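Q: First the structure, which I've put down as C-alpha cells, then a few questions once you've had a look.
Values in this text are rule-based calculations from the coordinates and carry no lab data. Bear in mind that the values here come from a model prediction, so they are computed numbers and not experimental data. Here the Cβ positions follow ideal geometry from the backbone for every residue, glycine too, while neighbour counts run over all protein chains shown.
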Amino acid sequence: MSGKSPKKIDHIGIAVLSIEEVLPFYVGSLKLPLLGMEEVESQGVKVAFLGIGESKIELLEPLSEDSPIAKFIQKRGEGIHHVALGVTNIESRIEDIRENGVQMIHNEPVNGAGGAKVAFLHPKSARGVLYEFCEKNVDDQQK
C-alpha cells in the first residue's frame, strides 16, 4: 500500500437508544468528560463525544426508525457499532484499500460529526467489524 497507516483510533462508536439515558453512566460513573453533542442529519444520528486519553467514545442515537443506527439496534441491540481510524488524505486511503480488494460502503468521503470527512469499510471485508476512516481538519485534530 502506498498510503500511510492510520494514526490512531480516533473513536469507538456505540449505538444507543437514548443518549440522555446513558450519559449518567459515562459522565457520572466512568467520569469521562462530555466534549459535545450534535445532530448529523446526513447520517440520521444524534451524537455525543466523550473524551478518553487521545481517543473518544461516540454515542450514536438514531434520529428516526429508518436510520442506519436504528436498524443496527433492531438487529443487534445496543452496543459497539464501529471503530474509527484517524487518517490523513482519506481519498488516498480509500483508493489504496480498494486496490487491495477491500469493499467500501462509501467510495467517496461523506460529512461526519465535527466536520470530519468519513468513509466506512464494508464489514464483510473485515470479518464482521465495521471500520470507519476519519479525517479531521487540522484545527479539529486538537479536540
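Q: If neighbour count is taken as other Cβ atoms inside 10 Å, put His81, His122, His106 in order from fewest to most.
A: Ranked by crowding around the Cβ, least crowded first: His122, His106, His81.
Q: While we're on this one: How far is it, in nm, from the label point at Gln74 to the one at Ile9 when both lie 7 Å from their Cα along the line to the Cβ?
A: 3.0 nm
Q: May I pose another question? Hey, got the dipole for region 8-137? About the Cα centre, +1 on K and R Cβ, -1 on D and E Cβ, debye to the nearest 20?
A: 440 debye
Q: Among Ser18, Val118, Leu85, whose Cα projects farthest towards the positive end of the dipole of the chain, with charges put on the beta-carbon of Lys, Arg (+1) and Asp, Glu (-1)?
A: Result: Leu85.
Q: Now for a different question. Just Leu59, Leu35, Leu121 to compare: in a GNM of the chain, with alpha carbon springs under 10 Å, which one fluctuates most?
A: Looking only at Leu59, Leu35, Leu121, the biggest GNM fluctuation is shown by Leu35.
Q: Mind listing which trypsin sites (Lys or Arg not before Pro) in region 2-88 are in a DSSP loop and have 13 or fewer other Cβ atoms within 10 Å?
A: Those satisfying the criteria are Lys4, Lys31.
Q: Under a GNM of the chain (C-alpha, springs under 10 Å), which listed residue has the highest mean-square fluctuation: Asn100, Asn89, Asn111?
A: Top of the fluctuation ranking is Asn100.
Q: So how far apart, in nm, are the two label points at Leu30 and Ser42 if each is 7 Å from Cα heading toward Cβ?
A: 2.6 nm
Q: If you wrap a convex hull around the C-alpha atoms of region 8-137 and split its volume per residue, what is the figure in Å³?
A: Looking at region 8-137, the number lands at 107 Å³ per residue.
Q: Only Cα pairs within less than 10 Å get springs; with that Gaussian network setup on the chain, which residue of Gln74, Gln43, Gln103 has the largest fluctuation?
A: Gln74
Q: Please report the relative contact order for region 52-126, taking Cα pairs under 8 Å with a sequence separation of at least 6, and give it as a percent rounded to a whole number.
A: With pairs under 8 Å counted, the relative contact order is 18 percent.
Q: Could you give the length gained by full extension between Asn107 and Leu17, i.e. 0.36 nm per residue of separation minus their alpha carbon distance, to one decimal place?
A: Length gained, Asn107 through Leu17: 29.5 nm.
Q: In addition: Name the residue from Gly36, Met104, Ser64 whose Cα lies farthest towards the positive end of the charge dipole of region 8-137, charges +1 on Cβ of Lys and Arg and -1 on Cβ of Asp and Glu.
A: Met104
Q: I want to check a number: in region 1-70, how many lysine pairs have alpha carbons closer than 16 Å, given a sequence separation of 8 or more or different chains?
A: 4
Q: Compute the acute angle (0 to 90°) between the alpha-carbon long axis of helix 90-99 and the principal axis of greatest extent of the alpha-carbon atoms of the chain; round to the nearest 10°.
A: Roughly 60 degrees between the two axes.
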